[in-house]
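Following: one structure in structure tokens, then a few remarks.
The values are calculated or read from the model by the stated rules, or taken from the named source; none is laboratory data. Values in this document were obtained by computation on a predicted structure and should not be read as measured data. Note that each Cβ is placed from the backbone with ideal geometry, even for glycine, and that neighbours are counted across all protein chains shown. Side chains are part of the model used for accessible areas, which takes the heavy atoms of the whole protein and leaves out ligands, DNA and RNA. Shrake-Rupley method; radii C 1.70, N 1.55, O 1.52, S 1.80 Å.
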There are 2 protein chains.
Amino acid sequence: MADVARLAGVSSQTVSRVSTGHPGVVGTTREQVLAAMRQLGYRPNSAARALKYGEFRTIGVILFTLSSTGNSRTLEAIATHAADAGYVITLIPVGAPTQDRLLGAFTRLGELAVDAVIVIMEVHLLDAATVAVPPGVHVVVVDSDAGDRYRVVDTDQADGARQAVHHLLDLGHRTVWHVAGPRESYAAERRALAWRSTLEEHGRPVPPVRHGDWSAESGYRAGLELADEADCTAVFVANDQMALGVLRALHGSGRVVPRDVSVVGFDDIAEAGAFIPPLTTVHQDFAAVGRRCVEAVLRQVRTGTPETGTTLVSTRLVVRESTAPPPGG
Amino acid sequence: MADVARLAGVSSQTVSRVSTGHPGVVGTTREQVLAAMRQLGYRPNSAARALKYGEFRTIGVILFTLSSTGNSRTLEAIATHAADAGYVITLIPVGAPTQDRLLGAFTRLGELAVDAVIVIMEVHLLDAATVAVPPGVHVVVVDSDAGDRYRVVDTDQADGARQAVHHLLDLGHRTVWHVAGPRESYAAERRALAWRSTLEEHGRPVPPVRHGDWSAESGYRAGLELADEADCTAVFVANDQMALGVLRALHGSGRVVPRDVSVVGFDDIAEAGAFIPPLTTVHQDFAAVGRRCVEAVLRQVRTGTPETGTTLVSTRLVVRESTAPPPGG
DNA sequence: CACCTCGATGTTTACGTAAACATCGAGTGC
DNA sequence: GCACTCGATGTTTACGTAAACATCGAGGTG
């Protein structure tokens, strides 16, 4: 900056005024400064700015994996909306979902240049990490039940599951089977609970639950078991990847979807419409989740006040060709 | 820091020594400082550190979208390896793949606290952006042909495509049809070129190319057209999503895969093994791409010397159940 | 025992920026 | 015409840290 000032024949303060767009610099001076900046390839040092302002204009995002569609789509929405607000995203990957790693991430967080953190937390690990959030750093959590301590933004898992089950019951199925996600997952847990309570509300029998790990392979295994259940005519699968596996298992076992068995997924991934048959599924609005996260976290940063409570983003059932009335129904 | 020093009864320099782990602080003093740090919830200000050191220990990643499996997996690998090296990732999303937006991202880059940039660039847009990289910022590009100006890291697209075509020819197919990715994509272009040259090397006819946009839906449309080509017995599809669409189109048209038509994809996404039938595809090692990117970029940062040239990451054909000898072959 | 060495700790300074305050000159009102 | 105002610009300072240098005392050595 000093070089620019010297070249333009002004003080560094004037350069600063030009680069921050402050008023009170007359046109000709501004031009000279801009010319000098271009000539010297000057770019403001954001470290010095951050030091001066006491804020980084940066949001940290802690997440376990990007391999799930949901996480990467949410992250993308977060990054886009943060950019619109002049903030930048710093990624803090946590290798494996263990307590240690998570604590490590929070510790590293302490040294990081972030004003706030969005935690995309799929598993029941947040409890021990409570204390570790550095003071002054605001937190928003996705996919968790920590609404009593932090602002939580999440898809309305329960309502989505209810819509799926209702759709199948409305078609005339006596009951609905369920392939759930892993036991550690909040989302899986809530989808399963809503599935169960909806069946119970309607006085339907509650078949045994199979747990997968979100992967298509685990869905395939669960599907093979379901194919052996003669009275299984409708399945609600906790995500689309596993639903893909279920479809293949049923297909391989000679059970035709949707003639013999109806299948509903969850997520509405981009490929769901190209499954055989195209999958009826619960659409999650990941973009909205990301947007709400950024809004909530920036609100906290601006006001300086931590928030609690849960923000739910609604879902929508997308009916395609994997569901039909039960055979003989 | 001053508060900690006061509380511990030492100078701020000693606190600095403790927090950076420098030697030359005796045990008892160190303990007092650590205690004071804990008591006051002290965390070092990374802006001040960055200012002092003249580096941010941050790598910017410019990308268009996270919705493709490849991008998010690459990003994940980049983040993980960067973290291992003590670096952090800042995301610079570029809304739409237009020249303007890209230049905007590079401009924003100028104000950003990054030591280097990894550009994940799927389209032919880098040319105009050449000049815009701020001086002193090192660049690595993924998926591009800018190897004469920057270090490029990429999957060996050509070899992958050759493996796919060879596999089908070896099975006895007379020729191989191709569903390509969008025209703007480097990767799509190279896969298509290698497909064509491999056919030509073997003196096989080169059927007309269909272009999709990477989506399953576009693959479905291409697949419907291919189903009408009576002599089409083998298809190489430029990615797995489109292959999924092709499979559905063939299935819907009564052409059985692999009995009537063989299909090979590209990417080996997690779901490929659960397609109907499980997809033979070219496995891309996104983790290796990400790792190489980080290695290259940190090498440049450390030496201060820009690099050029292309680093290729090899692929591997994963044979599943979507390929077989041609009917009657 | 004076001197030297060396390890532990304190003091000064600089990193690049922008707020706060100071200055300076030109116009304005009486 | 003189004090006053106000806009444009310069000067000083502080942000939090760590390198460089300074100091100080303990222990060793001739």
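A few remarks follow.
- Rounded to the nearest 20 debye, the dipole size of chain A about its Cα centre is 1260 debye, using +1 on the Cβ of Lys and Arg and -1 on the Cβ of Asp and Glu.
- A:His251, A:His167, ranked by accessible area, largest first (probe 1.4 Å): A:His251, A:His167
- When nucleic acids and ligands are ignored and a 1.4 Å probe is applied, B:Tyr186 ends up with an accessible area of around 10 Å².
- Accessible-area value, A:Ser11, 1.4 Å probe, nucleic acids and ligands omitted, Å²: 60 Å²
- Beta bridges by DSSP in segment A:1-120, antiparallel share as percent, to the nearest 5: 0 percent
- Rounded accessible area per residue of segment A:184-272, 1.4 Å, Å²: 37 Å²
- Average Cα contact separation per residue, segment A:92-247, under 8 Å, 6 or more apart, as relative contact order %: 19 percent
- Probe 1.4 Å, all protein chains present, accessible-area order of B:Val206, A:Val152, largest first: B:Val206, A:Val152
- Chain B holds its axis-closest Cβ, relative to the rotation onto A, at the residue and whole-Å distance B:Ser72, 2.
- For A:Val88, residues with placed amide H under 5 Å, excluding near neighbours: A:Thr58, A:Ile59
- Cα-centred dipole magnitude for the protein assembly as shown, charges only on beta-carbon of K, R (+1) and D, E (-1), debye, nearest 20: 2020 debye
- Diffusion coefficient of the protein assembly as shown by Stokes-Einstein, Kirkwood radius over Cα pairs, 10 °C, 1.306 mPa s: 59 µm²/s.
- Residue-by-residue Karplus 3J(HN,Hα) for segment B:245-250, coefficients 6.51, -1.76, 1.60, Hz, glycine and proline x: x, 4, 4, 5, 5, 5
- Nonlocal amide H pairs with B:Leu317, under 5 Å, H built at 1.01 Å: B:His283
- Per-selection metrics, segment A:2-44 (Cα): Rg and Dmax in Å: 8.9, 24
- For the pair B:His202 and B:Asp148, a Förster radius of 35 Å applied to the C-beta separation gives a FRET efficiency near 0.65, rounded to the nearest 0.05.
- What the phi angles of segment B:52-57 give under the Karplus curve with 6.51, -1.76 and 1.60, with θ = phi - 60°, is a coupling list of 5, 7, x, 9, 9, 6 Hz, glycine and proline written as x.
- Mean separation of Cα pairs under 8 Å and 6 or more residues apart, divided by the residue count, gives segment B:253-323 a relative contact order of 44 percent.
- The Kirkwood hydrodynamic radius of chain A, based on inverse pair distances between different Cα atoms, is 22.3 Å.
- Antiparallel beta bridges, as assigned by DSSP with both residues in the protein assembly as shown, represent about 15 percent of the total such bridges.
- Sparse packing (at most 15 other Cβ atoms within 10 Å of the Cβ) combined with a DSSP loop state is found for the following trypsin sites (Lys or Arg not before Pro) in segment A:207-272: A:Arg259.
- With 0.36 nm allotted per residue and the present C-alpha distance subtracted, the A:Ser314-A:Thr28 stretch has 97.5 nm of extension available.
- Principal-axis tilt of helix A:69-84 within chain A, Cα atoms, nearest 10 degrees: 30 degrees
- Take the accessible area of chain A alone and of chain B alone, subtract that of the pair, and you get about 3900 Å² summed over both chains, using a 1.4 Å probe.
- For the peptides B:89-101, B:281-293, residues were scored by their other Cβ atoms within 10 Å and the scores averaged per peptide; the highest-first order is B:281-293, B:89-101.
- Between segment A:47-91 and segment A:1-27, the Cα center-to-center distance that results, in Å: 31 Å
- Using the Karplus relation 6.51 cos²θ - 1.76 cosθ + 1.60 with θ = phi - 60°, the per-residue 3J(HN,Hα) values for segment A:230-241 come to 4, 8, 8, 10, 8, 10, 9, 9, 6, 8, 6, 4 Hz, with x marking Gly and Pro.
- Rounded tilt (10° steps) of B:186-201 against the dominant C-alpha axis of chain B: 40 degrees
- Gyration tensor (alpha-carbon) shape descriptor, segment A:157-284, a/c threshold 1.5: rounded
- With a simple spin-label model that places each label point 7 Å from the Cα along the Cα-to-Cβ direction, the separation between B:Asp170 and B:Arg101 comes to 4.1 nm.
- Angle between chain A longest axis and helix A:216-228 axis [Cα atoms, degrees, rounded to 10]: 10 degrees
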